[in-house]
Amino acid sequence: MSSVAMFWVTSASTDPSNYYMFSNGNPDPSSSARALTKPTPKLRRGSKNGVYLKYSCLGSSERSYSLPILSSLVANPAGDIAGPSEQKVYNVVLKQAALVNRQLRSADHALDVKPDMVVPGTLSLLSEAYDRCGEVCAEYAKTFYLGTMLMTPERRKAIWAIYVWCRRTDELVDGPNASHITPTALDRWEARLEDVFQGRPYDMLDAALSDTVNRFPVDIQPFKDMIEGMRMDLRKSRYMNFDELYLYCYYVAGTVGLMSVPVMGISPESKASTESVYNAALALGIANQLTNILRDVGEDARRGRVYLPQDELAQAGLSDEDIFAGKVTDKWRIFMKSQIKRARMFFDQAEKGVTELSAASRWPVWASLLLYRKILDEIEVNDYNNFTKRAYVGKAKKIMALPVAYARSMIQPSRTSSSLVEA
Ligand SMILES: CC(C)=CCC/C(C)=C/CC/C(C)=C/CC/C(C)=C/[C@@H]1[C@@H](COP(=O)(O)OP(=O)(O)O)[C@]1(C)CC/C=C(\C)CC/C=C(\C)CCC=C(C)C
Ligand SMILES: [Mn+2]
């Protein structure tokens, strides 16, 4: 039975994780999208010590895979090799790749969509649910929303549903009611997620996600991991080293890449391995999050948070006090250069995978990659003052990036079966 057939509204008002989402006190799920709070300045998330350990091997039941270790490449003067976080995350990547391998590449499943099996009358409810997801997406992320319009309708709606779930999850710790969010509330949000995956949505927005995960080979693990990232945010405000930060970045942003690939699809022409495409998706999430953190150093510091590796700060002769003082010194500039370099490496790693995606999905991903990466350029333009100046990509630059993204999306996937991770 389709998730839609099982859609009913339950207990939204008894779930603390809903308080802000339904803060108008209206249990009517049709009001929930509008009740989502407007975007507000938020906490930002972590960074890493960027290099990949090239081609170390992990076993799997079917074959062995290369382990790209971007993490320690750049900014780790000690030349560390991959930390435990990277291996842990890579295991998730392998699992996700194995799960979707057959579906995504099968010629019989060009759209990767299961046929509808809905009870009569529920289709229009579902279509309304997806429309609401689209509205939320358009309100929070206009450019990205426009990009999704190039995708096939099935894929676009599914991406909207995933976006909305991610946004709601993020709002739990970043939204106006964040101070009321406890680990128990996150546990309840996770229990609710499991219901959604089992076709028991609590509200309309959930119903769209239930339908999406029923149609596409989307696994629950990255969703659970994102909630784990929110737990981490509640209990932690410092990251000792890049390994810790990397794990955080995976939880809150790398997971988005893993959730999105099964929906966006890999091009039938691509000869790249599924896990290498997942690695690229993971890298894009990490790159975005690192950029987010570098942009928001000052804002986070004012909330008592430092999402920068403590050991690297110390190596640069800096401390939390310097960050709270917010003075742009030469030490700070040097430190920032290495952090920006690392973030760019993750973007480079991600680029290799975008071309392998299905044709209609490439443009929005290129657009989001190019636009987010430009924030790093703006930090440089601001002479590394990310304490009091927010790096911002202006409208003109945004518009100019769109045709560039379009041109890149025309590049055809690789026709040789090499890994995307180059030696
Ligand atoms: C096409 C496309 C870009 C699809 C992704 C759509 C999607 C499901 C987005 C969800 C984003 C979201 C709400 C995540 C919650 C956690 C969070 C807020 C993370 C930060 C995003 C930036 O948002 P914002 O600037 O609003 O941050 P604040 O809330 O203000 O702090 C993140 C920095 C992470 C976003 C991560 C991605 C969009 C991952 C992108 C990766 C892919 C789409 C995979 C592409 C595939 C290949 C092969 C490269
Ligand atoms: Mn946020």
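The values are calculated or read from the model by the stated rules, or taken from the named source; none is laboratory data. Please read these numbers as outputs of a predicted model, since none were measured by experiment. Backbone-built Cβ (ideal geometry, glycine too); neighbour counts: all protein chains shown. The protein model used for the area step is the full one, side chains on, heavy atoms only, and it has no ligands, DNA or RNA in it. Shrake-Rupley method; radii C 1.70, N 1.55, O 1.52, S 1.80 Å.
Once amide H atoms are built 1.01 Å from N in the peptide plane, which residues 5 or more positions from ILE266, or in another chain, come under 5 Å H to H?
SER358
Determine ³J(HN,Hα), in whole Hz, for all residues of the range 140-150 in sequence, where each value follows from phi through the Karplus function 6.51 cos²θ - 1.76 cosθ + 1.60 and θ = phi - 60°; x replaces Gly and Pro.
8, 9, 4, 5, 4, 4, 4, x, 5, 5, 7
Could you go through the range 325-335 in sequence order and give the Karplus-derived ³J(HN,Hα) for each residue, using 6.51 cos²θ - 1.76 cosθ + 1.60 with θ = phi - 60°, rounded to whole Hz, and x for Gly and Pro?
6, x, 9, 7, 10, 5, 4, 5, 4, 5, 4
Around SER414, which amide H atoms from residues at least 5 apart in sequence, or from another chain, sit under 5 Å from its own amide H, with H modelled in the peptide plane?
Residues meeting the criterion, in which the H sits 1.01 Å from N, are LYS271, ALA272.
So how exposed is MET240, as accessible area in Å² (1.4 Å probe, rounded to 10)?
The accessible area of MET240 comes to roughly 100 Å².
List the trypsin sites (Lys or Arg not before Pro) in the range 305-368 that DSSP assigns to loop (not H, G, I, E or B) and whose Cβ has at most 12 other Cβ atoms within 10 Å. Which are they?
Listed in order of number, the matching sites are LYS327.
For ALA316, which sequence-distant residues (separation of 5 or more, or a different chain) have an amide H within less than 5 Å of its own amide H, given hydrogens modelled in the peptide plane?
Hits under the 5 Å cutoff: none.
State, to one decimal in nm, how far the label point of ALA141 lies from the label point of ILE220, with both points 7 Å from Cα in the Cβ direction.
2.4
Please work out how many pairs of lysine residues in the range 272-404 are eight or more positions apart (or on different chains) and have Cα atoms closer than 14 angstrom.
Value for the range 272-404: 5.
Does the range 314-423 come out rounded, prolate or oblate by the C-alpha gyration tensor, with a ≥ b ≥ c the root eigenvalues, rounded set by a/c under 1.5 and, if not, prolate when a/b is larger than b/c and oblate if not?
Because a/c hits 1.5 or more and a/b fails to exceed b/c, the range 314-423 counts as oblate.
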